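I have placed the structure first, in the form of structure tokens, so that the comments after it can refer back to it.
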Amino acid sequence: MRRVDGRLYVRELRADFRHWYGVRYEDVAADEAIDLIYCLPSGSAYLAALNPQWVWSVEHGAIADVCDLLLRQERLTATGTTEGAQHVTRPVDAYERSKALDKAREAKKKMETTKWELVDDG
């Protein structure tokens, strides 16, 4: 079991063991539990909690890729170019956007709370 930011993901593992393996997490021996954890697929609650890139299953990602192709084809048919075509927002895109916004808020707060002094060039 992995500890990230001081958090153990037991709730997610319990849900995954029921969903993917049909067993209770507590009923599995420790060595077997470790093997089962390593075999959890993308889209499992445990992996999604660890990394936003793994929120979607492989199948969900493939469907999004097909949708992206259809959106590009639609744009190409309508305008003669794929430039500006929409795409399906992936969970990792939303996560990265959220991180960038947090960083921008921090920078703005720091700029607003910093005491600035006029510098004389001459």
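The values are calculated or read from the model by the stated rules, or taken from the named source; none is laboratory data. Given the structure is predicted, the values throughout are model-derived calculations rather than measurements. Backbone-built Cβ (ideal geometry, glycine too); neighbour counts: all protein chains shown.
With respect to the conditions (1) modelled with pLDDT of 90 or more; (2) out of contact with any Phe, Trp or Tyr (no Cβ under 7 Å at 6 or more places or on another chain), residue 53 lacks only one, and its number is (1).
For segment 80-93, the criterion of a residue being modelled with pLDDT of 85 or more, farther than 21 Å from residue 64 by Cα and surrounded by 10 or more Cβ atoms within 10 Å (Cβ to Cβ) is satisfied by no position. Pairing each residue of segment 65-89 that is in contact (Cβ under 8 Å) with a residue 12 or more places away in the chain with any residue that is aliphatic (A, V, I, L, M) and part of a helix (DSSP H, G or I), provided the two are 6+ apart or on different chains, yields C-beta distances under 9 Å for 85/71; 85/76; 86/71; 87/64; 87/71; 88/63; 88/64; 88/71.
Exactly one residue among 28, 58 is free of Cβ contacts under 8 Å to residues at least 60 places away in the same chain, at negative phi, among the hydrophobic types (A, V, I, L, M, F, W, C) and surrounded by fewer than 14 Cβ atoms within 10 Å (Cβ to Cβ), and that residue is 58. From the list 49, 85, 62, the lone residue that is part of a helix (DSSP H, G or I), over 20 Å from residue 7 (Cβ atoms) and among the aliphatic types (A, V, I, L, M) is 62. Per the conditions (1) assigned to a loop (DSSP other than H, G, I, E, B); (2) outside the structural domain of residue 10 (by TED's automatic domain parsing), the sole criterion not satisfied by residue 41 is (2).
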